[in-house]
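To start, the structure under review is shown below, and the notes come after it.
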């Protein structure tokens, strides 16, 4: 797919593996594959690389994000379909956030009428990213040897929220899902909401054990007035680029991952020293604020029943507990502030 009349170009790869719940594998084969993947990733520290064409006609961001997608999978125990959906959205959010200013962040909310219901990703300019879906173990029939995120999410909306420090209200834009395969939808959002022509190539591949083997992506955004010959070159490169999912699963570096997409175009790398990290913003303070929103009567009931408040973060799995004595202090504070 190239830049059509709408100048929209995006690419999402559907590579997946058939989920075999009862598969029996030799332990040492499994362990050997796992060690090989970890060793490959240590050779290439995972951070987003940013580039600008020397003619300043477009900018690019590229990342190999296998580590953070694998961490999300291990925390939430996602099956391949959810892993691909959340993983792609994490990669997309990370690439978009890298082009923001310091301490800004972007959130992607995919909502649809399909069985997956929704998936979400959030990333900061500094490389902190997280993702989530309420249906982590969804299974659907495999058609043609591929898993379809599009059929899992169905028809729906993509909402993008851009947050800045000290901003009273974040900026939000919403578009209809075009394919549900993430890349095309993000490109459509950039075109409709920001009038930016783009190429979004995302890939998450799982191995025969259902584990993340590779994840990464490329985001190319055209500057206003980008020459048509440059557009044609990018179109031609895209057609020859091959499978991004296969490339990242083979341990390719981020810089090499970008090369097929910008072949024949001189690029210069921009400084962006932040390593990608799966990081959550949960805390006991957030749990306390959530209890305040429940209201005084709910907190009184917990105290009367001698029940502590317990919660587990859906993003990182970290458990929190607020004891009854602390609930009493919280109730007193709520009552004093209400008068």
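In contact with a helix residue (DSSP H, G or I) (Cβ under 6 Å, 6 or more places away or on another chain), buried (at least 23 other Cβ atoms within 10 Å of the Cβ), assigned by TED's automatic domain parsing to the domain that holds residue 146 and at pLDDT 95 or above: is that true of residue 68 in this structure? In short, no. Name the single residue, out of those in the stretch 260-274 being loosely packed, with under 13 Cβ neighbours inside 10 Å and not in a loop (DSSP other than H, G, I, E, B), that is farthest from the chain's Cα centre (by Cα). Of everything passing the filter in the stretch 260-274, 268 is farthest from the chain's Cα centre (by Cα).
Of all residues assigned to the stretch 298-316, at least one qualifies as being assigned to a loop (DSSP other than H, G, I, E, B), under 30 Å from residue 191 (Cβ atoms) and assigned by TED's automatic domain parsing to the domain that holds residue 331. The single residue among 93, 187, 152 that is in the same structural domain as residue 273 (by TED's automatic domain parsing), part of a helix (DSSP H, G or I) and out of contact with any strand residue (DSSP E or B) (no Cβ under 7 Å at 6 or more places or on another chain) turns out to be 152. Within the stretch 37-56, one or more residues are modelled with pLDDT of 95 or more, part of a loop (DSSP other than H, G, I, E, B), in contact with a strand residue (DSSP E or B) (Cβ under 7 Å, 6 or more places away or on another chain) and surrounded by 12 or more Cβ atoms within 10 Å (Cβ to Cβ). For the stretch 163-180, enumerate the residues that are at pLDDT below 95 and surrounded by 16 or more Cβ atoms within 10 Å (Cβ to Cβ). Matches in the stretch 163-180: 163 only. Checked against (1) in contact with a strand residue (DSSP E or B) (Cβ under 8 Å, 6 or more places away or on another chain); (2) in a helix (DSSP H, G or I); (3) surrounded by 15 or more Cβ atoms within 10 Å (Cβ to Cβ), residue 290 passes all but condition (3). If the condition is being over 17 Å from residue 53 (Cβ atoms) and either out of contact with any strand residue (DSSP E or B) (no Cβ under 8 Å at 6 or more places or on another chain) or at pLDDT 95 or above (or both), then the stretch 221-243 contributes 239, 240, 242.
Counting the residues of the stretch 231-259 that are over 23 Å from residue 84 (Cα atoms), in contact with a helix residue (DSSP H, G or I) (Cβ under 8 Å, 6 or more places away or on another chain) and surrounded by fewer than 20 Cβ atoms within 10 Å (Cβ to Cβ) gives 2.
Each residue in the stretch 237-259 was checked for being in contact (Cβ under 8 Å) with a residue 24 or more places away in the chain and assigned to a helix (DSSP H, G or I), and 13 of them qualify.
The values are calculated or read from the model by the stated rules, or taken from the named source; none is laboratory data. Small disclaimer: the values here were computed from a predicted structure and weren't measured. Glycine also receives a Cβ, built like all others from the backbone with ideal geometry; neighbour counts cover every protein chain displayed.
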